[in-house]
Amino acid sequence: ATIFIYGETGTGKELLSQAIHYKSARKNAPFLAINCATLPESLFEAILFGTEKGGFTGAENKIGLFEQANGGTLLLDEINSLPTELQAKLLRVLQEKIIRRIGGTKDIPVDVRIISTTNENPKEIIKSGKMRLDLYYRLNLIFLELPPLRERKDDILLLSKKFLTRYNKKLNKDVKGLTKEVEKIFTEYLWPGNIRELKNTIEYCMNMIEENEKTIDLKHLPPKFLGNKEKNEKIKTLKELEKEAI
């Protein structure tokens, strides 16, 4: 079944997609991912469907992601950025389970599970015309929504502990946990960047902590946590989030 996952940036959509793949009957076949927002439209079709030598100037025989993922799973991240022309071709592949390379004449059967993700509300995507309705219904056989971290307060300290363990191993340290003051700040903060922001914050703290220190304290936190409280608590705009992430 095709799966459609909606969640804000940093909520773990790709991680969930991988978990679905590796717990499925397709786990021994490839899991491939492509971010639909990062590639120029001119390259998209070639990357998805492959090319045949002579199909256009400089074209070589090259298999696309659909053939590479045959038997497995293909993750289309930020599907809302997929060009409209390609949406029609993707719909054909989903319906007929065949692809044709650019410049090729042969139909190639493929068996690929599609998982699509978006950080925009699906209703807004449809309303704005970014996605064909027929493709949306074809992709959205199973719908999953990942809630933001601010709505999962109980997970904040649990995830912090998980990331502490990870970076203790990676950085060869022995940090035991967070002070009560840091725990309070973490549980009250809105985490506009979600789990990714929490992970990056823990990594920052682990790099700031001295060898003889065993707990993350206020002095180890990124500057944003020590500034104006009202500024920290507001939900940042997407532009601010992107600037902060960069």
Inset, instruction - Report, by chain and number, residues whose modeled amide H sits under 5 Å from the one on V112, excluding near sequence neighbours (fewer than 5 apart, same chain). - result: G71
Inset, instruction - List the lysines whose Cα lies under 18 Å from the Cα of K130, skipping any in the same chain that are fewer than 8 positions away. - result: K89
Inset, instruction - Compute the acute angle (0 to 90°) between the alpha-carbon long axis of helix 153-171 and the principal axis of greatest extent of the alpha-carbon atoms of the chain; round to the nearest 10°. - result: 90 degrees
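Stokes-Einstein at 37 °C, 0.692 mPa s, Kirkwood radius from Cα pairs: D for the chain in µm² s⁻¹?
On the way: Rh = 20.5 Å.
The Stokes-Einstein estimate is 160 µm²/s.
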Legend entry - Gyration tensor (alpha-carbon) shape descriptor, the stretch 110-160, a/c threshold 1.5: oblate
Legend entry - Amide H within-cut-off set for G50, under 5 Å, with H built and near neighbours excluded: G64, L65, I102
Legend entry - Per-pair calculated FRET efficiency, R0 = 41 Å: T105 and R196 via Cβ, rounded to 0.05: 0.40
Legend entry - Principal-axis tilt of helix 84-96 within the chain, Cα atoms, nearest 10 degrees: 70 degrees
Legend entry - D (Stokes-Einstein, µm²/s), Kirkwood Cα radius, the stretch 75-154, 1.002 mPa s at 20 °C: 150 µm²/s
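Counting only C-alpha contacts under 8 Å and six or more residues apart, can you give the relative contact order of the chain as a whole percent? Please report the intermediate quantities before stating the final value.
Working: 383 pairs, mean separation 56.3, N = 246.
RCO, the chain: 23 percent.
Could you tell me the relative contact order of the stretch 1-78? Use alpha-carbon pairs under 8 Å, at least six residues apart, and round to a whole percent. Numbers along the way, then the final one.
Numbers: 86 pairs, mean separation 28.8, N = 78.
Relative CO of the stretch 1-78 lands at 37 percent.
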Inset, instruction - Describe numerically, in nm with one decimal, the distance between label points set 7 Å from Cα along Cα→Cβ at I125 and at T84. - result: 1.7 nm
Inset, instruction - Specify which residue in the list Y137, S116, C205 is farthest towards the positive end of the charge dipole of the stretch 109-246, using unit charges on the beta carbon of Lys, Arg (+1) and Asp, Glu (-1), about the Cα centre. - result: Y137
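Readers should treat all values here as calculations from the given coordinates under stated rules, not as data from a laboratory. In this text the structure is predicted, and so the values were computed from the model without any measurement. Backbone-built Cβ (ideal geometry, glycine too); neighbour counts: all protein chains shown.
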